[in-house]
Structures are given as structure tokens and as C-alpha cells.
Amino acid sequence: MTAAPGIASALLGVYARVGPTFVAGEGVELIAADGRRYLDFVAGIGVNALGYDSPVIRDAITRALDSGLVHVSNLYRTEPGERLAELLVARSFAQQVFFCNSGAEANEAAFKFARKLTGKPGIVAFSGSFHGRLFASLAATDRPDYRRPFEPLVPEVRIIPLGDRAAAEAAITPDRTAAVIIEPVQGEGGVRPVSTEWVAFLRRLCRDRRVVLIFDEVQCGLGRTGTAFAYEQTGVTPDLLTLAKPLAGGLPMGAVLLTDEVAGALAPGDHATTFGGGPLVAAVAQAVVETISAPDFLARVRESGAHLAGRLAGFPGRMRAVAEVRGRGLMWGIVLREPAAPVVAAARERGLLVTTAGPTVIRLVPPLVISQADLDRGVDTLAEVLA
């Protein structure tokens, strides 16, 4: 199916779009122009945590519009952003919050904050990482093909092997390293949960060498792993934490959560954003965070995650194409012995939307509100394709 004349030709071709044109959504399904419904295990790559046509988001947008304030400059105070910051502080380790517009922007801000605090230039990231496509976040992203056309990127950013203690001790130095950034569950790098022992080691090393520890929870945060934040399952508290994807229910918003120690190094003018934390997106984000962080909601995510894990557990033994399944909560990867793209296409033909996380991994990140019956429907379709 082709898009309407004059639309596709005007869009810059940096996306390899596939499949039908979607015109509506309901619950955990997207609806195409021809009326066909697709069960969505992509959720806007983890953005649409509350599904489609969510009353929580719809009502929050309506209430926010009733105020007449869509945007007010950050030169002035508005209530929605301040209430959202207080909510995030109350739910997390942080004492202060900075709002921006995306995950990449949040990571760029975190790098700046770490450099300002420490007075050091170095950033260390890990193999399999994905932190964004801006100049510093791209430098910290382990995708050489993405980085190469835009080099030189931000200097003194190193990517070292994940889990290699000797490499970490050599690269993370007290005189040059400002920050270490890591995803508690790598997303684009193949849905790879990082061991608690590894993050505990990094926490000790960073503390000893006066290095800021940043957790990138852009994809794995806000309920996706079954707790409000993924760091809660590691036993480790970072100095900075970045959020984005599901934060404002599909509206563009990112955030950096900071300790008082980091925040104390920053002064007016050190960083800024025109749109970040505006009253409309902040009001919607407050409703989303309140919903997702509620204990009953998180308990249902954990139950759904356990159900999905149980259904996927038998795949490696039953299906020659499947080497491994791994994940946490409602964020799972099916590691294949062959390219994943044909599986994605075959699933879409059967009415199921999944995506990849690297060339041989099928990524499953359905809306957090998905029922166990719909999880079963998706897993059954995947089983048919893989068999």
C-alpha cells in the first residue's frame, strides 16, 4: 500500500518504512487504512506503554488543553512541569529533574552535567550500547556504521567490552573520566539484561575514582521491566538517570534525574531547552507516570512478564531457528541463528507487529497494558512463523 501522493516523496528518506499505512489504534492494536487490525508488540519501540486511545492520555490532554497553555517559555514557572518533577523525585532516588524532548537529548545533557561536576572530559560506554544519534550520544553508541559517516564526533568517548573488568579498570580513570553510561537492559543491542554483579562493580569503581554513573533507562525504564525504574532491580543507585520513550504517552519528552550533588554543580545558563517540560507534555507525563508507577499496575506488568517468559522459555528447545530468549518484564529478545528481518515480515503478514534489536534478534516490547490472552495470541503467531 502506498501513501497519499505528495506525502512520502516529501519525507526525508532516512527511514526504511514498511507495511501498511496506519490510520487508527485501539487498545493493543493498530488499524490500517484497509481496516485490518495488527496486534502490536512494538508499541512505538516502547513508547506506547498504555496502548492506543488510552483514556488516561486522552483525558490528560483534554484537561491540559482546557488551560489554554500548550507552551510557555522556561523563563517562567508553570505548575505541570513542577508537579511532574516532584512526582519523579518522590518515586526515585533523585532530588532534581531536568526536562528535554528525547532520549538522545537527555543523554547529551547527562554528559554535560557530568563534565561540569567533575571537570573531566572522558565518557565510557560499553559494547552493545545505544544512547542516541546526536554527536555525543552517537559517539557512545556501539554502532560503527552509524558513527562512521559523521566522524569526528565528540572526543574522549570510549566504548569498551561489556563485562570486562580489566578493560573497565583501565579505561575508567580518576584523572580523565567524567562519566560511565550503561543501560540496565540493553535495548537496541539485543535486549540484553546486564548482570547485577557488573553494575555493582561499576558503582564501586565510579565511587572510588570520582566518576559519575549514568543509567540510560530511555527504553527499559518506567515500568517496562516490572518496576518503576530498572535500577531498582540491580541494587545499585546511579548518580544520573535518563528517561524518555513512554514518559509522555507518545508526546516528545525526555528527562534527566539528578542527585543534589550533581545538580549543585550547575548554574542558570549551563544548559537549556525551548520546549522541554512544557505544560501540555508535562501534564500528560504526570498522568502517565502516576498510572505506570502505581503498585497494582506494576504488579500486573510483572505477572504479564512472567507469563510471557514462560511462553517463550520453550522456544530454543522446540525451534531450530531460536538460539536463546532473554529479557525482563515486558522487554524480551528472541535470539535467532539466522537473520531476523524475514521473521518480522512474515509476522506482519499474519497480523503481528514485532521489530528487531540487531540483525538476529526479534524484540518484543508490547504495551504494558496487554492482557495475557493477547500475549498468547502474539506468541502463537510467532511460533507459527518460527516453526
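The values are calculated or read from the model by the stated rules, or taken from the named source; none is laboratory data. Not measured: the values here are computed from a predicted model. Backbone-built Cβ (ideal geometry, glycine too); neighbour counts: all protein chains shown.
General observations
- Residue check, E338 without any contact (Cβ under 8 Å) to a residue 12 or more places away in the chain and either closer than 22 Å to E29 by Cβ or in the same structural domain as G44 (by TED's automatic domain parsing) (or both): no
- Scan of the range 356-387 for residues that are surrounded by fewer than 18 Cβ atoms within 10 Å (Cβ to Cβ) and under 20 Å from P193 (Cα atoms), ordered by number: P359
- Within the range 158-193, tally of residues that are buried (at least 16 other Cβ atoms within 10 Å of the Cβ) and either hydroxyl-bearing (S, T, Y) or under 21 Å from the mean Cα position of the chain (by Cα) (or both): 18
- Every residue from the range 10-57 that is crowded, with 17+ Cβ neighbours inside 10 Å, in a loop (DSSP other than H, G, I, E, B) and either among the small types (G, A, S) or touching a helix residue (DSSP H, G or I) at 6+ places or on another chain (Cβ under 7 Å) (or both): V28, F41, A49, L50, G51, S54
- Taking the numbered list (1) hydrophobic (A, V, I, L, M, F, W, C); (2) at pLDDT below 95; (3) closer than 17 Å to E290 by Cβ in turn, V18 passes all entries but (3).
- Taking the range 159-196 as the range and being of a type in the set (K, R) and either out of contact with any strand residue (DSSP E or B) (no Cβ under 7 Å at 6 or more places or on another chain) or within 15 Å of G46 (Cα to Cα) (or both) as the test, only R165 passes.
- Residue pairs meeting the criteria (Cβ under 8 Å; at least 6 apart or on separate chains; first farther than 19 Å from G103 by Cβ, in the range 257-276; second at pLDDT 95 or above and in a loop (DSSP other than H, G, I, E, B)): T259/F93; T259/A94; T259/Q95; T259/D239; D260/Q95; E261/D239; A263/Q95
- Condition check for R83: farther than 29 Å from V354 by Cα, modelled with pLDDT of 95 or more and assigned to a helix (DSSP H, G or I): yes
- A64 being hydrophobic (A, V, I, L, M, F, W, C), assigned to a helix (DSSP H, G or I), under 30 Å from A170 (Cβ atoms) and touching a residue at least 24 places away in the same chain (Cβ under 8 Å): no
- Of the helices (runs of 4 or more DSSP H) lying entirely inside the range 233-334, the ones with 2 or more residues being surrounded by 19 or more Cβ atoms within 10 Å (Cβ to Cβ), in contact with a Pro (Cβ under 7 Å, 6 or more places away or on another chain) and modelled with pLDDT of 95 or more are found at 279-292.
- Filter pass, V70 being surrounded by fewer than 18 Cβ atoms within 10 Å (Cβ to Cβ), among the β-branched types (V, I, T), in a loop (DSSP other than H, G, I, E, B) and not assigned by TED's automatic domain parsing to the domain that holds A248: no
- Of all residue pairs spaced 6 or more apart or on separate chains, those with beta-carbon atoms under 7 Å, a first member in the range 90-108 that is among the basic types (K, R) and at pLDDT 95 or above and a second member that is surrounded by 20 or more Cβ atoms within 10 Å (Cβ to Cβ) and in a loop (DSSP other than H, G, I, E, B) are R91/A228.
- R77 meets all of the listed conditions (1) touching a residue at least 40 places away in the same chain (Cβ under 8 Å); (2) assigned to a loop (DSSP other than H, G, I, E, B); (3) more than 21 Å from the chain's Cα centre (by Cα) but one, namely (1).
- Qualifying positions in the range 217-232 - of a type in the set (D, E, K, R) and either closer than 16 Å to N107 by Cβ or modelled with pLDDT under 95 (or both): E217
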